[in-house]
1. Ranked highest first by average number of other Cβ atoms within 10 Å, how do B:470-482, B:386-398, B:454-466 line up?
2. Using a 10 Å cut-off on Cβ atoms, rank the peptides A:29-41, B:10-22 from the highest mean neighbour count down.
3. Would you mind checking the tilt of helix B:140-158 against the longest principal axis of the Cα atoms of chain B, expressed as 0 to 90 degrees and rounded to 10?
4. Using a 10 Å cut-off on Cβ atoms, rank the peptides B:592-605, B:235-248 from the highest mean neighbour count down.
5. Determine which lysines satisfy two conditions relative to B:Lys54: a Cα distance under 19 Å, and not lying fewer than 8 residues away in the same chain.
6. For segment B:1-139, go through all pairs of different Cα atoms, get the mean of 1/r, take its inverse, and jot down that Kirkwood value in Å.
7. Please give the length that would be gained between B:Ala58 and B:Leu631 if that part of the chain were fully extended, namely 0.36 nm times their separation in residues minus their C-alpha to C-alpha distance (nm, one decimal).
8. Hey, what's the Cα Rg ratio for chain B versus the globular rule of thumb, 2.2 N^0.38 Å?
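The values are calculated or read from the model by the stated rules, or taken from the named source; none is laboratory data. If you're wondering where the values come from, they're calculated on a predicted model, not measured in any experiment. With ideal geometry, Cβ positions are generated from the backbone for all residues, glycine too; neighbour counts draw on all protein chains shown. Only protein heavy atoms, including side chains, enter the accessible area calculation; ligands, DNA and RNA are left aside. Shrake-Rupley method; radii C 1.70, N 1.55, O 1.52, S 1.80 Å.
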Amino acid sequence: MVPLDNYLILSGILFTIGVIGVLVRRNVIVIFMSIELMLNAVNLTFIAFSRYLNSIDGQIFVLMVMVVAAAEVAVGLALIIAVFRIKKTVNVDEINILKW
Amino acid sequence: MEYLPTLYLLILFPLAGAVANGFLGKKFGDKFVSWVGCSVIGFSFLLSYIFLSKLISARPGTVYFQRLFFWIGAGDFNVEAGLTLDSLSAVMIMVVTGVGFMIHIYSVGYMHKDPGYARYFAYINLFVASMLILVLADSFLLMFVGWEGVGLCSYLLIVFWYEDKKNADAGKKAFIVNRIGDCGFLIGMLLIFAQFRSLDFGTVFTRAMELGIGNPIIVAITLLLFVGAVGKSAQLPLYVWLPDAMQGPTPVSSLIHAATMVTAGVYMIARCYILYLSAPLTMTIVAIVGVATAIFAATIGLVQNDIKRVLAYSTISQLGYMFLAVGVGAFSAGIFHLMTHAFFKGLLFLGAGSVIHGLAGEQDLRYMGGLKKYMPVTYWTFLVAVLAITGIPGFSGFFSKDEILWNAFSSPMGNSVLWLVGVATAGLTALYMFRLFYMTFLGSSRFKPEKEHRIHESPKIMTIPLVILGFFAAVGGWFGIPNKLGGSNRFAKFLEPSFELRKYIIRDTSNGEHSLSLEYILMFISIIVVLIGWSIVHQMYLKKTDIPLKIANVFSRSYKLLLNKYYVDEIYQAVIINPFIKISNIFWKAVDIKIVDGLVNGTANVFLSAGERLRKLQTGYIQEYALSLILGTVIIIGYFIFK
């Protein structure tokens, strides 16, 4: 059986990649994908703990996260398309209308 | 006490006139204004006459009253608005409406074609209404309403020609000086309430009687009320507003600043005679202030050259007489002089107005003279008034002044010094009044050439009131011919019920101790003094006209002192007004601008600059927000891991 540590390290790496992707990439779509990566890193942790603690709670939570993520993708992509229609770009540096 | 439900009509008529003239006068024209303005006062006068005759025929001591409405109720502070009419207020309403009616009619001629005609009549109607409230009020608070009302009208009428800054300044001066007095009146009133839990005249006086004589609280109350009277009635040291008040139209000077309003202080003291008699200290002060004002103002009047200013100082001086009278406890003598003074001083001002009108605005005595042949009616009526004010036997002023002087000598609160100063003032009165008269009507003409051909007698609408007032100035004193001259002093008898409690407060030892011959001697002395004054003027201003100038040169220092009115205005300017302005400047520039404004603006500036800096945090880049979010999370997690 693969030890718990390996799962957690993999999950940490995936999460960090997601965070760095969110922080450094400028394309909204890529940022969006990075967020999904972070969510899935968390899902992996849930599954691993579920298996090792012999508890079904983690798996239920993962299903929950996936449902929310699916809904979030739908809304998020719709927003991106709406912004794209106005600004003709998906570069976040140019989408800075939240500024003072 | 008898109920009289029509009493309020007295006030309602002039009030309605003021409203009608004020709001509709411009629309309906001058003719409407004249009819409304005069007839409402006429109605009031008729009513006053009816009430007076009712009062005379009623049982002595009858008091009519009318409860108007419940006014203020707050805790145990309850005031009802009500009117009372006793013999004292009956005399007052007769004077106010009678003299007021004459002056209204006169104003129709004097104010003819003035652009503010309707406004003028609205103001003087309102004045009469306020004055009637003042004299008919049955509580201190309602009296104060009238008191402030007449002050307001006085201000409005002094600044009637408001385009001229001089008039506006005079009005402000009158208003502010009066405010000083009113402040005293107000505090006195509050003290009355604190002490007696009521402001109703009857209640207050009854409770004051129980406190006895010389109680310090009553002394304080009476002194504070007297401060109000000093302001309103132009006594030392608050008299300075009255000469300046002459900037208003002349009929206003006549009605407000001579005949009625300025006597409000005398009336107030007479109304509160129980309080004043219970405070002997205050009485002494009242008498001293009165007699000092009388002689002080008379000396200034000697050398003034503006016809209205001489009359203004003469008014101050005569008011001093009235205060002397009430100060020695001779209330009916004071009110008697108030009445005769209203006749002759009203007449003097109207006569002066007629002269000014005839000379197209000339007020300087040095450019008058010899008007007798141009203005015969004005001349004769003016002569009657001068004889009355100087106290030539037979004319009204003689009886009232003689009664005051006799009381100043013989009353338990009087003494020979008061009498002596009073007589000296009578002599000075003769000097300045005959000087005024000779310089205006007799001698050679000294008109400015451009005015000479336009001199004319005033129209009938102005001369008829002069003649009527002249009649009363001549015979008005016959209501009160004293016993020693074969009369029965009906005036004092009529007023007696208003002062009936007098004998319970002071033991009246007067008149009985002094022999009749002493009375005659004193009277004789004052007549002689007046006649000497007259003959001096006659010599100086008719025969040897160079003497006045010589005297002025020889006594140049005292002449200058008098001409500049003892520099009182300058002293006030230096001692009170300038320091006041300086302090105000300090408060303005240091306290207000630096501290108050600094605090307010400083607070705003702190937030402004803080915001200016903090807004840089909002870059608009989502990733920076995300970075700060993640950093925050890392810090918090790190804290829990490594703590």
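1. Those peptides, ordered most packed to least, come out B:386-398, B:470-482, B:454-466.
2. Numbers: A:29-41: 17.7, B:10-22: 22.1.
Top to bottom by mean Cβ count within 10 Å: B:10-22, A:29-41.
3. For helix B:140-158, the angle is close to 80 degrees.
4. Ranking the peptides B:592-605, B:235-248 by packing returns B:235-248, B:592-605.
5. Hits, sequence-local ones excluded: B:Lys493.
6. Working: mean 1/r = 0.0635 Å⁻¹.
Computed over Cα pairs of segment B:1-139, the Kirkwood hydrodynamic radius comes out at 15.8 Å.
7. Values: separation 573, 0.36 × 573 = 206.28 nm, distance 10.26 nm.
In short, 196.0 nm is gained.
8. Working: Rg = 30.2 Å, N = 643, 2.2 N^0.38 = 25.7 Å.
In units of the 2.2 N^0.38 Å rule of thumb, it is 1.18.
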